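The values are calculated or read from the model by the stated rules, or taken from the named source; none is laboratory data. Remember, predicted model here, so these are calculated numbers, not experimental data. Methodologically, a virtual Cβ is constructed for each residue, glycine included, from the backbone with ideal geometry; neighbour enumeration extends over all protein chains shown. Note: areas computed on protein heavy atoms with side chains; ligands, DNA, RNA excluded. Shrake-Rupley method; radii C 1.70, N 1.55, O 1.52, S 1.80 Å.
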Amino acid sequence: MSNIYVNARKKLGTINREIYGQFSEHLGRCIYGGIYVGENNKISNKNGMRTDVVEALKNIHVPVLRWPGGCFADEYHWKDGIGSKEKRKKMINTHWGGTVEDNSFGTHEFMELCRQLGCKAYINGNVGSGTVQEMSEWVEYMTFEGTSPMADLRRENGREEAWRIDYFGVGNENWGCGGNMRAEYYADEYRRYQIYVRNYGTKIQKIACGANAGDYNWTRKVMEIAGNYMDGLSLHYYTLPNENWEEKGSATQFEKEDYYRTLKKTYYMEELIQRHGGIMDSYDPKKRVGLMIDEWGTWYDVEPGTNPGFLYQQNTMRDAMVAAINLNIFNRHCDRVKMANIAQMVNVLQAMILTEGDQMVLTPTYYVFDLYQCHQGAELLESSIDCKEIETEKGAIPEITQSASIDKNGLVHLTAANLSAEQSSQLRVHFGEDQPKDLHVEMLQGEIHDKNTFENPNCVKKTVFEKSRVEGNLVELELPPCSIICLECSL
Ligand code: AHR
C-alpha cells in the first residue's frame with residue numbers, strides 16, 4: 001500500500017509554465033524534415049511548417065522554444081539565415097554529421113514557428129565563435145521598433161514590426177563545444193556580451209551558460225563573478241543508461257535492470273538541483289536568478305542504420321517514466337527551477353514526435369507532457385509520499401513519484417507514476433480535511449518496452465482510468481505496473 005498526502009491549503013509557489021519548454025536544434029532531422037519542410041513541399045504545411053507536427057504540439061501547449069542550439073548555436077551566424085533563400089550561405093554543420101546547412105530556416109522562420117505554436121522565443125546566441133557586435137546586432141534586428149541599420153534590414157526582409165524575445169542565452173556549453181572555456185574566463189566574457197543584449201522593447205531575460213551536470217565549481221565561479229548580471233543560469237543533465245558514451249545502450253532493447261538503472265540515474269536530477277540551488281542561494285538568497293534546465297532527457301545509442309550524428313532514437317514507456325520523474329522534480333523545485341527544455345522536440349534524443357516522410361508518430365513522452373500540462377502556471381501544493389522502495393544496481397528508488405498543484409479555477413491535479421515494471425501498487429491519496437469531488441483520472445500505461453511506431457502508432461496512448469474510488473477525504477486506486485496518472489478533482 002502506498003500513500004500520497006496532498007495539502008491543498010498549503011501553496012508553495014507558482015510552477016512557471018516554461019518548465020514544460022522544448023528545445024529544437026539544427027541537428028539531424030529536428031528542424032529540417034521534422035518541423036520545417038518548406039513552402040513548396042507536398043507534405044501539408046503552413047509557411048513551410050508541417051501542419052501535423054504543429055497541430056500535435058499545440059495540443060500540449062508548448063510554452064517556450066529554445067533555438068538554434070545546442071552546440072550549433074556557437075557556430076551559427078544569424079546573418080547567414082536572413083534575406084532571399086536562394087542567396088543564403090551554405091555552411092557545414094560540423095557538430096552534427098557534417099551535413100550542409102542551407103540556412104533556409106533562420107530567424108524569420110523560427111519566429112513564424114513560435115507564432116504558429118503560440119509560444120515564447122528563447123534564442124541562444126553565439127559566444128564561442130561569434131562577436132559581441134554580431135550578438136548585439138541580432139538583438140537589434142529582432143527587437144528594435146525604430147529606425148536603425150538592423151531594424152531597417154529586418155523591414156527590407158519583409159518584417160515590419162519588431163518581435164518579442166523573452167529569453168536570450170549568452171552561449172551554450174562554453175565549458176565544452178562552445179569554446180572550451182574555464183569558468184572564470186566565461187564569467188568575464190558573459191559580463192561583456194550580456195551588456196549588448198539590450199532591452200529595446202520588453203525585457204529580455206538573459207541566461208548564462210551553466211554547469212555540465214555535477215560541475216559545482218562552474219556554478220560557484222559564474223555566480224560569484226557574473227551572478228548580478230543574469231536572470232537565469234542553465235544546467236544540462238542527460239540520463240544515460242550506462243556511463244560509457246561509446247556504448248550508452250539501446251533505446252528499445254534493454255533488460256529490467258537497465259530500466260531501473262535508467263530511472264535511478266534520472267533521480268540524480270534532484271541532487272543536482274539541490275546542490276546547484278544551494279550554491280546559487282549563497283549568492284542569490286532571494287532566488288532572483290532562475291535555474292534553467294535547458295537540456296534534459298534520455299540519450300541512447302542511435303537507432304541502428306541511422307546517421308550517428310543525427311541522434312535519432314526511439315522512445316518507450318521507459319522514456320515516459322524518465323519524463324514523469326523529471327517533471328515532478330521540476331515542479332517540486334519551482335522556487336528555483338524557472339524553465340526546463342527537454343532535448344529535443346522532434347526526431348532527436350527524447351523527442352515528443354518522430355517523423356518519416358509525411359508520417360508522424362507521437363511518443364510516450366509526448367503523452368506525459370499532455371498529462372502534465374495541467375501544472376503549467378498552477379500553484380504547487382505541499383504533498384508527500386509514503387511508499388516502498390525498489391532496489392536497483394545503483395541504489396534504491398521510491399516506487400512512486402508525485403507532485404500536485406492547484407490551478408486558477410480551483411482544480412487540484414496530482415501527477416503520479418508507479419515505477420515498478422511488474423507490480424501494481426495499491427494507492428491511497430489523502431486530501432487532509434478536504435473531500436475530493438468531480439474526480440477524473442487519465443492514465444498512460446504499458447509494458448516497459450512499449451512504443452509507438454509508424455506501423456503501430458497507437459500502441460501507447462492516454463486513456464481514461466475508471467477504477468478509482470472516493471471514500472471521504474480519500475481516493476483509492478490500483479496503479480498498474482509502469483503507469484502514469486493525472487488525477488483531477490475539486491475540493
Ligand atoms: O542536445 C544535443 C547536444 O547536447 C547539444 O547540442 C549540446 O548542447 C549538448 O551537449
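Considering the options 351, 418, 480, tell which one lies farthest towards the positive end of the dipole of the chain, charges being +1 on Lys and Arg and -1 on Asp and Glu at the Cβ, about the Cα centre.
351
Report, in listed order, any pair from 394/437; 203/286; 286/462 with a Cα-Cα distance greater than 30 Å.
Over 30 Å apart, Cα to Cα: 394/437; 286/462.
Which listed residue (6, 44, 19) has the Cα farthest towards the positive end of the charge dipole for the range 1-46, taking +1 on Lys and Arg C-beta and -1 on Asp and Glu C-beta about the Cα centre?
So the residue furthest toward the plus end is 6.
For the range 1-70, with only Lys/Arg (+1) and Asp/Glu (-1) charged at the beta-carbon, what is the dipole magnitude about the Cα centre, in debye rounded to 20?
360
Report, in degrees rounded to the nearest 10, the 0 to 90 angle that the Cα long axis of helix 132-143 makes with the longest principal axis of the chain.
70
So what is the relative contact order of the chain, in percent, for Cα pairs below 8 Å that sit 6 or more residues apart?
19
Kindly rank 96-106, 79-89, 417-427 from highest to lowest mean number of other beta carbons found within 10 Å of each residue.
Listed from highest to lowest mean packing, they are 417-427, 96-106, 79-89.
Could you grab the relative contact order for the range 377-476? Cα pairs under 8 Å, six or more apart, rounded to a whole percent.
Over the range 377-476, the number comes to 21 percent.
Looking at the calculated P(r) for the chain, what percent of the C-alpha pair distances fall above 42 Å?
When every Cα pair of the chain is considered, 15 percent fall beyond 42 Å.
For a quick check: with amide H placed at 1.01 Å from N, whose amide H comes under 5 Å from residue 23's, ignoring anything fewer than 5 positions away on the same chain?
Under 5 Å from the amide H of residue 23 lie the amide H atoms of 66, 342, 345, each far enough along the sequence or on another chain.
Compute the distance in nm between two label points, each set 7 Å from the Cα along the Cα-to-Cβ direction, one at residue 434 and one at residue 303.
Output for this residue pair reads 4.3 nm.
Contour minus end-to-end for residue 396 and residue 92, with contour as 0.36 nm per residue of separation and end-to-end as the Cα-Cα distance?
104.9 nm
Could you give the dipole magnitude of the range 238-396 about its Cα centre, charging the beta-carbon of Lys and Arg +1 and that of Asp and Glu -1, in debye to the nearest 20?
Charge dipole, the range 238-396, about its Cα centre: 520 debye, nearest 20.
Calculate how steeply helix 216-226 sits against the longest principal axis of the alpha-carbon atoms of the chain, using the helix alpha-carbon long axis, and give the answer as 0 to 90 degrees to the nearest 10.
With both axes taken from Cα atoms, the answer is about 50 degrees.
Treating cross-link reach as a plain straight distance, find the aspartates and glutamates whose alpha-carbon is under 16 Å from the alpha-carbon of residue 46, omitting any fewer than eight places away in the same chain.
Reachable aspartates and glutamates: 55, 109, 112, 358.
How many Lys pairs in the range 79-177 lie less than 23 angstrom apart by Cα atoms, where the lysines are 8 or more positions apart or on different chains?
4
Sorting check: for 59-66, 453-460, 266-273, which peptide has the highest mean count of neighbouring beta carbons within 10 Å, and how do the rest follow?
59-66, 266-273, 453-460
Based on the Cβ-Cβ distance from residue 256 to residue 40, what FRET efficiency comes out when R0 is 35 Å, to the nearest 0.05?
The value I calculate is 0.10.
Compute the long axis of helix 107-117 from its Cα atoms, compare it with the longest principal axis of the Cα atoms of the chain, and write down the angle in degrees, 0 to 90, nearest 10.
Computed tilt is about 30 degrees.
Using a 1.4 Å probe over the heavy atoms of the protein chains, calculate the carbon and sulfur portion of the accessible area of the chain as a whole percent.
On the chain, the fraction of accessible area on carbon and sulfur atoms equals 45 percent.
In percent, what relative contact order does the range 1-151 have, based on Cα pairs under 8 Å that are 6 or more apart in sequence?
Rounded, it is 21 percent for the range 1-151.
With a 1.4 Å probe and all protein chains kept in place, how do 450, 386 rank by accessible area, largest first?
Result, largest first: 386, 450.
As an exercise, use a Förster radius of 30 Å and the Cβ-Cβ distance of residue 454 and residue 474 to find the FRET efficiency, rounded to the nearest 0.05.
That pair, residue 454 with residue 474, gives E of 0.10.
Amide H neighbours of residue 401 under 5 Å, counting only residues 5+ apart in sequence or on other chains, H built in-plane at 1.01 Å?
417, 419
So, R0 is 41 Å and r is the distance between the beta-carbons of residue 1 and residue 335; what FRET efficiency does that work out to, to 0.05?
0.85
Looking at 279, 302, 268, which one has the Cα that reaches farthest to the positive end of the dipole of the range 254-304 (charges on Cβ: Lys, Arg +1; Asp, Glu -1)?
Selected residue: 279.
Go through the range 354-366 residue by residue and turn each phi into a ³J(HN,Hα) via Karplus (6.51, -1.76, 1.60, θ = phi - 60°); whole Hz please, and just put x for glycine and proline.
Computed from phi, the couplings for the range 354-366 are 10, 10, 8, x, 8, 8, 9, 10, 9, 8, x, 5, 3 Hz.
For the range 452-461, what does the Karplus curve 6.51 cos²θ - 1.76 cosθ + 1.60, with θ = phi - 60°, yield as ³J(HN,Hα) per residue in whole Hz, taken in order and with x for Gly and Pro?
Going residue by residue, I get 9, 10, 5, 7, 9, x, 10, 4, 10, 7 Hz, with x marking Gly and Pro.
Do any cysteines in the chain lack another Cys Cβ under 4.7 Å, and if so which?
That list is 30, 114, 119, 209, 334, 374, 387, 459, 482, 486, 489.
Size of the dipole of the range 1-130 about the Cα centre, Lys and Arg at +1 and Asp and Glu at -1 on the beta carbon, nothing else charged, in debye to 20?
For this selection, approximately 540 debye.
Between rounded, prolate and oblate, where does the range 21-93 land on the alpha carbon gyration tensor, with a ≥ b ≥ c its root eigenvalues, rounded for a/c under 1.5, else prolate if a/b exceeds b/c?
Oblate, since a/c reaches 1.5 and b/c is not below a/b.
Calculated from DSSP H runs of 4 or more alone, at -39500 (n - 2.57) each and per residue, what is the 222 nm mean residue ellipticity of the chain, nearest 500?
Here the helix-only value at 222 nm equals -7500 deg cm²/dmol.
What accessible area per residue comes out for the chain, rounded to a whole number of Å², with a 1.4 Å probe?
38
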